[in-house]
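Chemist: Encoded as structure tokens, here's the structure I'll be asking about.
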Amino acid sequence: MHFDTIYYTNKGLELTAMADAGECQIQFTKAVASNRDYSATDPNDFKTITGIEDIQQEEPYTRVIRTNSTLITAQADFPSKDVKTAYQLYTVGFYAKPINGSDGTEVLYAIMPSSYPDYVAAYDGHSNVSDSFVMKTTVSDTQEVSITVDQAGAVVQADIAVEQLNDTEYTIDTSGLGINDYPRFIAYGYYNGAGIAQTGDGYAGVPEMFQLSMRVNLKKNGEVMLPRFWLSEISKYLPDFNTANFEVNYGSDGSWLYLISAPATIGIQCLNAKFKEVA
């Protein structure tokens, strides 16, 4: 899903200023998904918004990470199993509150609107995937940010470890993209499939698929991509995947790249371009 940009609200900016001045700590609380289209809103008007309208899903953060001494990364996942009625996801809102020396009122911290909504289908009782969204924010000292996550099993990390899985580049054929476009990707994890003998019935021939959190670094005008996974998530959902020893296969139409560490597989789909196999 493509977001136009991220806008900080006045309340969010005030909260950051308070933390920078040592008057409070920031505790990130929740993220919301909405079908309200804010993409035509004047950029200056985002500052005055105090709450997201038409909320369809609400979740505590999955991860809050101190990336370095000033940068905080907050990730929220919206699982499909919670969706009873399909909707168009236009906007994600991030909430936070001050602690230690303040009244602790929760505020809308930042807003990510999109001009291109993502269709979120109602849960079909089988494949449970998640839409994952990341907000990055800078404070003068990350020690002023309270890293707490309420969701059971959520991960709090100091940083992202890098293994071979996060250190291997792949070539992209961008010839079909417009001059202002760039390749976009989505990743899934599953067992069996992608050339491995399949067992039983299930979605796309596998019992269950997990949408994985993946950031992408692009080089050479998008002709080279470097996937960046949350290794703790790989360990949780694909415990048999060896991040330092896996096979790379390409789909016949170039839309898919398969990273196989039998019996586990990571499938990366290029949504608007093609992978280019290098001999």
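Chemist: Test of understanding: among Tyr119, Tyr123, which residue is at pLDDT 80 or above, among the hydroxyl-bearing types (Ser, Thr, Tyr) and either surrounded by 19 or more Cβ atoms within 10 Å (Cβ to Cβ) or touching a Lys or Arg at 6+ places or on another chain (Cβ under 6 Å) (or both)?
Modeler: None of the others qualify; the one that does is Tyr123.
Chemist: If I filter region 204-224 for residues that are at pLDDT 80 or above, open to solvent by 70 Å² or more (accessible area, probe 1.4 Å) and on the phi > 0 side of the Ramachandran plot, do I get at least one hit?
Modeler: Scanning region 204-224 turns up at least one residue that is at pLDDT 80 or above, open to solvent by 70 Å² or more (accessible area, probe 1.4 Å) and on the phi > 0 side of the Ramachandran plot.
Chemist: List the strands (runs of 3 or more DSSP E) that sit entirely inside region 1-72 and contain at least 1 residues that are in contact with a Lys or Arg (Cβ under 7 Å, 6 or more places away or on another chain), charged (D, E, K, R) and at pLDDT 85 or above.
Modeler: Filter on region 1-72 gives 55-59.
Chemist: Taking Gln88, is it of a type outside the set (Phe, Trp, Tyr), open to solvent by 50 Å² or more (accessible area, probe 1.4 Å), at pLDDT 90 or above and not in a loop (DSSP other than H, G, I, E, B)?
Modeler: Here the answer is yes, as Gln88 does meet what is asked.
Chemist: Only one residue in Tyr61, Tyr95 is open to solvent by less than 70 Å² (accessible area, probe 1.4 Å), farther than 23 Å from Tyr116 by Cα, under 22 Å from the mean Cα position of the chain (by Cα) and of a type in the set (Phe, Trp, Tyr). Which one?
Modeler: When all the criteria are applied, what remains is Tyr61.
Residues are listed down the side, and each one gets a yes or a no for (1) touching a His at 6+ places or on another chain (Cβ under 7 Å); (2) surrounded by 14 or more Cβ atoms within 10 Å (Cβ to Cβ); (3) over 21 Å from Asp118 (Cβ atoms):
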position	(1), (2), (3)
Asn44	no, no, yes
Ile52	no, yes, no
Gln56	no, yes, no
Arg66	no, yes, yes
Ser69	no, no, yes
Ile72	no, yes, yes
Gln75	no, yes, no
Pro79	no, yes, no
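Chemist: Out of curiosity, is Ala19 open to solvent by 20 Å² or more (accessible area, probe 1.4 Å) and over 14 Å from Ala110 (Cα atoms)?
Modeler: Answer is no for this residue.
Chemist: Test Ser34 against the stated conditions and say whether it is among the small types (Gly, Ala, Ser), open to solvent by 60 Å² or more (accessible area, probe 1.4 Å) and more than 13 Å from Thr137 (Cβ to Cβ).
Modeler: Against the criterion (among the small types (Gly, Ala, Ser), open to solvent by 60 Å² or more (accessible area, probe 1.4 Å) and more than 13 Å from Thr137 (Cβ to Cβ)), Ser34 does not qualify.
Chemist: If you don't mind, there's one more thing I want to ask. Assess whether Leu13 counts as being farther than 20 Å from Ser132 by Cβ, aliphatic (A, V, I, L, M) and open to solvent by 10 Å² or more (accessible area, probe 1.4 Å).
Modeler: yes
Chemist: Within the bounds of region 148-165, is there any residue that is within 18 Å of Phe229 (Cβ to Cβ), at pLDDT 50 or above and open to solvent by less than 40 Å² (accessible area, probe 1.4 Å)?
Modeler: Within region 148-165 (the criterion being within 18 Å of Phe229 (Cβ to Cβ), at pLDDT 50 or above and open to solvent by less than 40 Å² (accessible area, probe 1.4 Å)), the answer is yes, since at least one residue qualifies.
Chemist: Sort out which residues of region 1-42 are closer than 17 Å to Ser115 by Cα and over 24 Å from the mean Cα position of the chain (by Cα), and write them in order of number.
Modeler: Asp42
Chemist: Right, next: Where residues in region 225-247 are without any contact (Cβ under 8 Å) to a residue 60 or more places away in the chain and more than 28 Å from Asp124 (Cα to Cα), which of them is least open to solvent (accessible area, probe 1.4 Å)?
Modeler: Met225
The values are calculated or read from the model by the stated rules, or taken from the named source; none is laboratory data. Fair warning: this is a prediction, and the values are worked out from it, not measured in the lab. Every residue, glycine among them, receives a Cβ derived from its backbone with ideal geometry; neighbour counts consider all protein chains shown. We work out accessible area using only protein heavy atoms, side chains counted, and drop any ligands, DNA or RNA first. Shrake-Rupley method; radii C 1.70, N 1.55, O 1.52, S 1.80 Å.
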